[in-house]
Amino acid sequence: GICYGMQTLAEQMGGQVISSEHKEFGHAEIAVKTDSILFSELDKTLNVWMSHGDQVQDIPDDFTLLASTASAPIAAMQHDSKPIFALQFHPEVTHTESGKIILENFIFKVCNARNDWKMDDLITQRIQEIKEQVGDNKVLLGLSGGVDSSVTAALLHQAIGKKLVCVFVDNGLLRKGEAEEVMQTFKENMNLNVIKSDSEEAFLRHLKGVEDPEQKRKIIGRTFIDVFDAEAIKIKEVHFLAQGTIYPDVIESSGSESKEARVIKSHHNVGGLPEEMKMDLVEPLRDLFKDEVRKVGVELGLPSDLVQRHPFPGPGLGVRIIGKITKERVRTLQEADKIFIDILREDNLYDNIWQAFAVLVPIKTVGVMGDQRTYDNLLALRAVTSVDGMTADWFKIPDSTLAKASSKIVNNVKGVNRVVYDITSKPPGTIEWE
Ligand code: XMP
């Protein structure tokens with residue numbers, strides 16, 4: 001049992017769970033109290049990642065306490081005779097030090113599973129599944145140029161060749177110069193069949209005046225589908241829509257099998273989809289995490305700068321412009337974002353960061369430039385480390401880089417007079433601001 005799993009397990013076996021005053025989100029230090037096969041070959045103090053408000057207060061009978069934190073005295077426990085283990089912290093997230101070893105101890109030493117799974121098997125299996133699902137039919141793929149849809153394109157290309165038609169939607173919410181770059185990479189360098197759909201007007205029209213993040217995501221998801229449907233009619237006889245959906249999109253949109261999971265945010269390609277879809281979905285990466293998708297990309301021979309690109313969300317700058325979206329605000333953010341990313345590249349930081357971007361905040365603050373008073377927008381910079389996007393920590397950007405970015409943005413981007421840096425981990429924050 002992990003997190004809620006430990007709590008429900010404790011309740012069901014006669015223990016007690018309470019709502020704690022000391023909630024733990026993000027980093028915590030556990031002290032291992034008792035030797036256990038789960039912690040074999042590990043230190044007695046471990047840095048782990050927590051995300052809970054409730055906690056086990058009384059340990060059930062026949063269980064032994066394994067580990068504690070300062071706020072959660074019962075942070076891990078084990079049954080005295082049955083192979084039942086429970087952890088309040090998350091061993092599955094990358095910010096838990098040695099989490100992988102804890103899971104390996106469980107899988108190989110407790111469950112006695114064999115370690116015989118290989119990435120090539122997955123690729124062969126997925127290609128076979130795609131062929132079985134779509135047969136001789138044409139498939140339309142929403143290609144954004146990001147890692148997930150690019151790897152999906154490469155897989156589908158191997159599986160069905162010319163029957164794949166990619167549609168790249170310029171929704172007006174892309175980064176500066178992105179549309180041109182994507183078209184060049186895929187059409188000219190990778191020889192894929194790519195159609196560009198210029199849909200800025202439709203997206204901005206549907207988003208006009210909308211401020212609520214969930215509403216924005218749903219509108220963007222629906223508009224993407226409208227565009228794909230319209231393109232499918234032009235291409236004729238397309239029954240399948242392929243998407244680069246990955247597992248975190250499914251978890252956070254609560255699109256998994258569980259009816260009880262809470263929506264964190266409706267990822268445009270899962271929770272943002274309309275109820276009635278005209279085309280059937282093909283989503284070969286739906287159960288993979290980003291780091292696994294990157295490995296598939298490398299195996300399939302995609303260029304490394306494409307595979308290592310920072311993730312970019314489908315709703316694009318739409319969820320980085322807090323509040324109303326206008327053409328002018330898109331342009332302001334595009335300029336600022338480009339300056340920030342270029343500086344990270346110049347200072348050789350880009351590849352050490354999982355994702356970096358700028359966010360336009362609908363707050364105006366007072367400034368002074370020359371002898372003039374200014375009253376302009378606040379811009380936030382965000383850069384995080386992560387492996388799978390499920391947890392993240394803020395990246396310690398050197399002062400000199402932050403200073404350069406702040407000064408260049410305020411001096412060159414009209415409408416921005418103040419820059420702040422976001423130092424929130426996930427949890428409790430999310431990576432994107434909306
Ligand atoms: P959050 O903000 O949930 O983001 O911590 C985790 C990762 O997912 C990306 N993201 C999305 N990707 N469609 C996507 O394709 C979406 O609707 C979406 N929302 C967030 C985000 O950029 C980060 O990499």
Could you tell me whether region 284-301 includes any residue that is among the hydrophobic types (A, V, I, L, M, F, W, C), more than 17 Å from residue 152 (Cβ to Cβ), away from the ligand (no atom under 11 Å from the Cβ) and touching a residue at least 12 places away in the same chain (Cβ under 8 Å)? no
Please count how many residues of region 388-405 are within 16 Å of the chain's Cα centre (by Cα) and more than 17 Å from residue 351 (Cα to Cα). 2
Quick check on region 83-95. Is at least one of its residues free of Cβ contacts under 8 Å to residues at least 60 places away in the same chain and among the polar types (S, T, N, Q)? no
In this structure, does residue 359 turn out to be in a helix (DSSP H, G or I), in contact with a Leu (Cβ under 9 Å, 6 or more places away or on another chain) and at pLDDT 95 or above? no
Which is among the basic types (Lys, Arg), away from the ligand (no atom under 16 Å from the Cβ), at pLDDT 95 or above and under 24 Å from the mean Cα position of the chain (by Cα), of 208, 176? 176
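A quick yes/no check of all residues on (1) charged (D, E, K, R); (2) modelled with pLDDT of 95 or more:
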position	(1), (2)
251	no, no
256	no, no
320	yes, yes
330	no, yes
334	no, yes
347	yes, yes
Which condition from (1) within 15 Å of the ligand (Cβ to nearest atom); (2) among the aromatic types (Phe, Trp, Tyr); (3) touching a residue at least 60 places away in the same chain (Cβ under 8 Å) is the one that residue 240 breaks? (1)
Quick one: in region 368-410, which of the residues that are part of a strand (DSSP E or B) and charged (D, E, K, R) is surrounded by the fewest Cβ atoms within 10 Å (Cβ to Cβ)? 373
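The values are calculated or read from the model by the stated rules, or taken from the named source; none is laboratory data. What you are looking at is a predicted structure, and each value in this text was computed from that prediction instead of being measured. Backbone-built Cβ (ideal geometry, glycine too); neighbour counts: all protein chains shown.
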